[in-house]
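The values are calculated or read from the model by the stated rules, or taken from the named source; none is laboratory data. Worth saying up front: this structure is predicted, and the values here are computed from it rather than measured. Here the Cβ positions follow ideal geometry from the backbone for every residue, glycine too, while neighbour counts run over all protein chains shown. Side chains are part of the model used for accessible areas, which takes the heavy atoms of the whole protein and leaves out ligands, DNA and RNA. Shrake-Rupley method; radii C 1.70, N 1.55, O 1.52, S 1.80 Å.
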Amino acid sequence: MKVSFWGVRGSIPVADRGMARYGGETACVAVDLEEGARVVLDAGSGIRGLGAALVGQHRPIHILLSHLHLDHINGLLFFAPFFDPGAEVTVWGPPATGAPLRRRLARYLSAPLSPVEIRDLPARVRFRIAPSEPFDLEGAKVRCALVSHRGPTLGYRITDGDNVLCYLPDHEPALGQPLDRGPDEWVSGLHLAREADLLIHDGQYTEREYPLTRGWGHSRAGDAVDFAARARAKRLALFHHDPTHDDGALDLMRVEATDRWIAAGGEGSGLSLAAEGTSVAL
Amino acid sequence: MTDDGPPQQPLELILARNLISIVQVAAFLTDAQGDVLFYNEAAGEILGRSFEETGRLTREQWNAIGPVDAQGNPRVEQPLPLTTALQENRPAHGRFRIRSDGGGVVSVETSAVPLVGPDGFSGAIVVFWPAGESVE
């Protein structure tokens, strides 16, 4: 399994030079499975670059959306395979009361917000609610569950051969409860992250910022480390970087998070801040 | 391959537990069968025992608490709001007496609300507080 970061920023894309090293595109992660299939996690602005790299390839593409906040879908209209009649794309997303997934996404992919209607996409595009029971996807096993964030939001666990990836890009498991006590079953997302080879987890805020943002559905980096340690994840990539954090600020967060990770028993090399354009081989 | 382990509780139950664990009004949380998964500190004060002492309670254990009459004898004929919430999947409200752990009888007023998530009915949240003596 190869995990490639095409967008790691949260909330809104940023183009500042001082943020270029970690990257300014919003959430999008490509997962190349052992049997050659490709799964895409979220469709933030980072999916534009990924789509350009996929032009001419006609393997089935599965896009697993964690939720429909704009920073996770704002690249959809710029995903090149959607405009390729030979492409086959399945978009999976969270359950919600009311409108089906296609109609919920069409609120964005329609006038007056978009010049192209969702029904006009040339590719063969299907929209499916991700089932609450584990399901097979191109030879991998996918398990998902609603997790603590604002609005229906899925976390994903992808098991491919011996490798496990967990993706919790927008997640505040410490909201209203300490992470160091209580049964595992009462901690949002923990079963998805358990002993994952790589956990990609929301670490948007610093300790100083968090009192002002508590309840917005995002974690401070320290909580993400504690969550990963409790889940016994082997590696942690902090994700969903705040759009106000430049490279220097993120470097500092990495140092502080690494200290905490080591104090919790992890190896220093096991913690990173996800950076656009980088890959992890599992 | 690592073991996925057991799943988490439905998110609506997790969030409900987080909520009732921090409010001052007495409340408890049940699963779809009516077993009590959690009750908060305020509820523990009325019952006379904390959740840390008792842990989860089956519906049968919970039913032993009430409803009772003024002398503490069971009143099986009186429908509980929780029963209505579980069986009819709708909110319900009522007043009755319960037996505290110390043997005393306490009048309470209760509201029960079913919790329904994407996978259907998962349990109920029940809020209760001491009432006057106008229990029927």
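For the reader, a short list of remarks on this structure follows.
- For the stretch B:23-136, the residue among B:51, B:91, B:127 whose Cα projects farthest onto the positive side of the dipole built from Cβ charges is B:91.
- The mean number of partner chain beta-carbon atoms within 10 angstrom of a residue's beta-carbon across peptide B:13-22 is 4.
- Separation in nanometres of the label points that stand 7 Å from Cα toward Cβ, at residue A:249 and residue B:52: 3.9
- Computed from Cα atoms, the angle from the helix A:247-263 axis to the main principal axis of chain A rounds to 60 degrees.
- In order along the stretch A:124-140, the Karplus-derived 3J(HN,Hα) couplings, from 6.51 cos²θ - 1.76 cosθ + 1.60 at θ = phi - 60°, round to 7, 10, 10, 10, 9, 6, 5, x, 6, 8, x, 9, 8, 9, 6, x, 9 Hz, and Gly and Pro are given as x.
- Between residue B:129 and residue B:35, the contour length at 0.36 nm per residue exceeds the alpha carbon distance by 31.9 nm.
- List A:59, A:230, A:119, ordered by accessible area with a 1.4 Å probe, largest first: A:119, A:59, A:230
- Exposure rule at most 14 other beta-carbon atoms within 10 Å, DSSP loop GluC sites (Glu not before Pro): chain A longest free segment: A:118-206
- In the stretch A:50-130, chymotrypsin sites (Phe, Trp or Tyr not before Pro) in a DSSP loop with at most 15 other beta-carbon atoms within 10 Å: A:108
- The dipole here belongs to the protein assembly as shown: it is taken about the Cα centre, uses +1 on the Cβ of Lys and Arg and -1 on the Cβ of Asp and Glu, and is about 860 debye.
- 19 Å reach of a label modelled at residue A:97, 7 Å along Cα-to-Cβ, counting backbone N of the stretch B:109-126: B:112-126
- Helix A:221-231 and the longest principal axis of the C-alpha atoms of chain A enclose an angle of approximately 90°.
- Residue order for A:17, A:157, A:38 - accessible surface, 1.4 angstrom probe, largest first: A:17, A:38, A:157
- 1.4 Å probe, heavy atoms, protein only - residues of the stretch A:190-220 losing at least 20 Å² accessible area vs chain alone: A:191, A:194, A:195
- Scoring A:64-75, B:46-57, A:167-178 by mean Cβ neighbours within 10 Å over their residues and listing the highest first yields A:167-178, A:64-75, B:46-57.
- For the set B:58, A:97, A:26, the ranking by accessible area, highest first and with no ligand, DNA or RNA atoms included, is A:97, B:58, A:26 under a 1.4 Å probe.
- Helix axis angle, B:11-22 relative to chain B longest principal axis, alpha carbon, degrees: 50
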